[in-house]
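Read through the structure below, which is laid out as structure tokens, and then see the notes.
What follows draws every value from the coordinates through simple rules; no lab data is involved. As the structure is a prediction and not an experimental result, all values here were calculated from the model. All Cβ positions, glycine included, derive from the backbone under ideal geometry; neighbour counts span all protein chains shown.
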Amino acid sequence: MARLFKAVAGLEEGTDYEAVKLGWDAAAAAFQDGNLDVYCNPTNAPSPALTQIAVTNKIRFLGIPADTLETEGVQALVGRPGFSAATLPAGIYGDNQANEGDVTTLGVIVGIVTNKDADEEMIYQMTKAFYDGVKEAGESAPWLRAITPAGAVQDINLLLHPGALRALTELGVEIPDAAKA
């Protein structure tokens, strides 16, 4: 985040702001209680932590301004494997979200990794069970709806385990060449 703050606003950690590193729960509570001015959390929207904050607090998301998206510093961040510019929809956190329009933010891909020698059938079954569970849980946890089999390979730059490859292929995902063994 320090690199993003520097690239977007020219702010230097330790000079222009004091960075505080806390666990996820402690950071959310400190922000909700007004003890932090800015809270950073890499999560899918609508995030349960941010939804909880928005229940009692007016919140505004700080985005990446359009005029800085193409700068070298921002491109160095969003152009890395697993990162991108992403959109946080207006109003996703209800009436307490102060943003009237969509917000461009830093998107991060998170993955699940296994040993290349793990049993193929086990990884196949685990991959299928994972996506069945995500689909079912997404009915009551809206943030999980952003996790899709196609999204698993959207920005992938490494090989899939053969079991995961088989499961994702069966789920109808178009697998990029970079992910095929």
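Suppose every Lys and Arg Cβ carries +1 and every Asp and Glu Cβ carries -1, with no other charges. What dipole size does the chain come out with about its Cα centre, to the nearest 20 debye?
Working: 12 positive and 24 negative charges, 21 e Å.
Value, rounded to 20: 100 debye.
Give me the extension gain from residue 75 to residue 17: residue separation times 0.36 nm, minus the current Cα-Cα distance, reported in nm with one decimal.
On the way: separation 58, 0.36 × 58 = 20.88 nm, distance 2.30 nm.
Result for the pair: 18.6 nm of gain on full extension.
Which whole-number percent is the relative contact order of the chain (Cα, under 8 Å, 6+ apart)?
Numbers: 201 pairs, mean separation 33.0, N = 181.
Normalised by residue count, the contact order of the chain is 18 percent.
Filter the GluC sites (Glu not before Pro) in region 138-181 down to the DSSP loop ones having no more than 16 other Cβ atoms within 10 Å, then list what survives.
Numbers: sites: 139, 170, 174; in loops: 139, 174.
When the GluC sites (Glu not before Pro) of region 138-181 are filtered for loop state and at most 16 Cβ neighbours within 10 Å, 139, 174 remain.
Tally the DSSP beta bridges in the chain and give the antiparallel ones as a percent, rounded to 5.
Details: 6 of 8 bridges.
Counting DSSP beta bridges with both partners in the chain, the antiparallel share is about 75 percent.
Note down, for region 90-174, the three equivalent ellipsoid semi-axes (square root of 5 times each alpha carbon gyration tensor eigenvalue), biggest first, whole angstrom. Write down the numbers at each step before the final one.
Working: eigenvalues 192, 46, 20 Å².
Computed over region 90-174, the values are 31, 15, 10 Å.
How charged is the neighbourhood of residue 159? Take every other residue with its Cβ under 12 Å from the Cβ of residue 159, and add Lys/Arg as +1 and Asp/Glu as -1. Can you show the working numbers first?
Values: positive: 116, 180; negative: 177.
Result for the local shell: +1.
Quick check: convex hull of the Cα atoms in region 1-89, volume per residue, rounded to a whole Å³? Show your work: numbers first, answer last.
On the way: hull volume 10.2 nm³, N = 89.
Looking at region 1-89, the number lands at 115 Å³ per residue.
Residue 26 to residue 170: FRET efficiency via 1/(1 + (r/R0)^6), r the Cβ-Cβ distance, R0 45 Å, to the nearest 0.05?
On the way: r = 41 Å, r/R0 = 0.92.
E(calc), rounded to 0.05, equals 0.65.
Separation of region 107-124 and region 154-181 by C-alpha centroid, Å?
Region 107-124 and region 154-181 have Cα centres separated by 11 Å.
Calculate the tail of P(r) for the chain: the fraction of all Cα-Cα distances greater than 20 Å, expressed in %.
Above the 20 Å cut-off, the chain has 63 percent of its Cα pairs.
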